[in-house]
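To start, the structure under review is shown below, and the notes come after it.
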Amino acid sequence: MHVGLATGFGHQRGDTYDDARLVREEVNNLVLAEELGFDSVWITEHHFSDYSVSNDPLQLLTWIAARTSRIKLGTQCIIVPWHNPARLAEYIINLDILSGGRAILGFGGGLSPQEFAGLGVDQNKARALYNDILDVLIPALESGVIEGEGAYGNIPRTELRPRPIKSFAGRKFCGSLSGSSMVAAARHGFGNMVLMLPQRGQETPPDQYKAVWDEVHGDGSSPPAPMLSGNFYIHEDGDFAERQGQMYLANTMRAAVKNYSLSKPGTFANVKGYEQYEHMMLHSPAEIDAYCENFSKGAITGTPQQILDRLWELKGIYNPQGFFPHVYFGGMPQDDCLRSMRLFAAKVLPELQSWEAAASIDDRFLEAAE
C-alpha cells in the first residue's frame, strides 16, 4: 500500500503568525516526510486567503525535489482553468526532470470566485477551460508536442523543450469527478482522488466513475484504483484525539466557507456550470457553525490502533491503491504537526504499507521508466 503525506498549507493560526514562517515550516515538514518513511508528499493550489497559502504546488515540489532523493511528489490539485496549457506542461516537465521522474499529477477544476477573479479568469468559462486545457495538456506530456484550439485560445503545433522524460501513465489523478469533468477524467485515464472523506457510514464507493469509464472506453478495462486522503488526528489518548481533530477540521471548514463565498447568497446564481453551489449557501453565523461542526465529524481520529481500524474499513469500501492523509491542518501548532507526523510514521505507517493494495502506483512508476 502506497502511503503519502498531504498538506493544504492551511493558515488558520491568526494574523500575527507570519506567512513566510508557515510556508517554510510546511515545506520542511514535507522534506522530513522522506526521512520518516512516507512514499509521497502532496501539495494543493490556492490563492489570496488564509484558507491555504500554497499558490504554486509545482514550484514548491521542485524545491522539495532538490532536498530529497526518493519520495514522490504529488499535486492535490493543480487547478486547471487557472493555467496556460503550454506553460503548465513546461512546469510539469521541469519538475519531473529535476526530481528524476518522481512527479504525480492531480488535477481539479476550482470553485472560489475570489481566486478566479484575482487571477483574471472568467469563472463562466471554467468548465470549458478545464476540458479544453486537459485535452491538449495530457497528450503533450506524452508526445512532447502541444497543439490545439479551445477556450484557452489557439496553440499551433509546437515542440516542448525540454522534452518529457517518460510517460505519465498510472500517475495521473483527478479530484473533480462531477459532470463533464468525469468524462474528461475517464478519457485521459485518470484515477480518482478522494480528498474529503465522509463520516463513518456515509461512504459512497466511486461506482459512478466506473460507469462513465465503461461508456468512454468500452473495452472492459477499469479505472485506476483511487487514492484516499482525508483529515487525521492521531494521539495516544483517543478521546483527546477526537476533540482536537474535530476542532481543527471545523477551523478548516470555517476558512473554506469564507474562501468559497458560501455565506454570500447570489454568488453562484449566474455562474455557468456552478449554479448548484447556490443551494449550499449558509445564511447566518449559526448555520455556518452547524455546518462546520457537522463536517468536522468526518475527521479520522484516535489512537494509532483506532486509526488503523478505520483505514481497514476504508480499504474495504474503496479498494484504494494508496492513502495520502492530512495529519496536520486547521491551525494546528507546528510542534503538534511534528508530533502528529512522527506518531503516525512510527505506529501506523509500517503496518499500513504492509497491506496489499488493489494496484500499485509504485509499479506504474517502474513500468514508465522501462
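Taken together, the values in this text are just the output of simple stated rules run on the coordinates, not laboratory data. What you see is a predicted model, and the numbers here were worked out from it, not measured in a lab. So basically every Cβ, Gly included, is an ideal-geometry build from the backbone, and we count neighbours across all protein chains shown.
Roughly speaking, what is the stretch gain from Ala346 to Asn294, that is 0.36 nm per residue apart minus the C-alpha to C-alpha distance, in nm to one decimal? Kindly include the intermediate steps, with their values, before the conclusion.
Details: separation 52, 0.36 × 52 = 18.72 nm, distance 3.05 nm.
My answer for the length gained is 15.7 nm.
Amide H of Gly4 versus every other amide H placed in the peptide plane: which residues, excluding those fewer than 5 positions away on the same chain, fall under 5 Å?
Close amide H contacts, sequence-distant or interchain: Asp39, Ser40, Phe323, Phe324.
What translational diffusion coefficient, in µm²/s and rounded to a whole number, does the Stokes-Einstein relation yield for region 63-105 at 20 °C and a viscosity of 1.002 mPa s, taking the hydrodynamic radius as the Kirkwood radius over Cα pairs?
196
For the chain, please report how many Lys pairs fall under 29 Å Cα to Cα, leaving out neighbours fewer than 8 apart on the same chain.
Eligible lysine pairs with Cα atoms under 29 Å apart amount to 24.
For the chain, what is the mean residue ellipticity at 222 nm derived from helices alone (per DSSP H run of n ≥ 4: -39500 (n - 2.57); sum divided by total residues; nearest 500 deg cm²/dmol)?
Values: 13 runs with 163 residues, N = 370.
Mean residue ellipticity at 222 nm (helix-derived): -14000 deg cm²/dmol.
Tell me, what HN-Hα J-couplings in whole Hz come from the Karplus equation 6.51 cos²θ - 1.76 cosθ + 1.60 at θ = phi - 60° for each residue of region 151-164, using x for Gly and Pro?
For region 151-164, the Karplus-derived couplings read 4, 7, x, 10, 10, x, 3, 9, 7, 7, 9, x, 7, x Hz, x marking Gly and Pro.
Do me a favour and compute the ellipsoid semi-axes for region 185-336 from its Cα gyration tensor, root of five times each eigenvalue, largest one first, whole Å.
Sorted largest first and rounded, they come to 28, 25, 12 Å.
Using modelled backbone amide H atoms (1.01 Å from N, in-plane), which distant-in-sequence or interchain residues come within less than 5 Å of Gly106's amide H?
Here Thr75, Ile78, Phe173 satisfy the definition.
Which semi-axis lengths, in whole Å and largest first, follow from the square roots of five times the eigenvalues of the Cα gyration tensor of region 298-370?
Those come to 25, 16, 11 Å.
Taking the Cα of Ser180, stepping 7 Å toward and past its beta carbon, and measuring to each backbone N in region 257-290: which are under 20 Å?
268-278
Provide, for q = 0.16, 0.23, 0.24 Å⁻¹, the log10 of I(q)/I(0) from a solvent-free Debye sum over equal Cα point scatterers in region 126-189.
-0.56, -1.03, -1.08
So what's the chain giving for Rg/Rh, alpha carbon basis, Kirkwood Rh from the mean inverse pair distance?
0.94
Quick one: Cα centre-to-centre distance for region 1-78 and region 195-264, in angstrom?
19
Please compute the modelled spin-label separation between Thr158 and Arg87, points set 7 Å along Cα→Cβ, answer in nm with one decimal.
Result for the modelled spin labels: 1.1 nm.
What is the distance, in nm, between label points placed 7 Å from the Cα along the Cα-to-Cβ direction at Ala358 and at Gln276?
Result: 2.1 nm between the two label points.
Using a simple spin-label model with points 7 Å from Cα along the Cα→Cβ vector, what separation in nm is obtained for Glu35 and Trp63?
1.8
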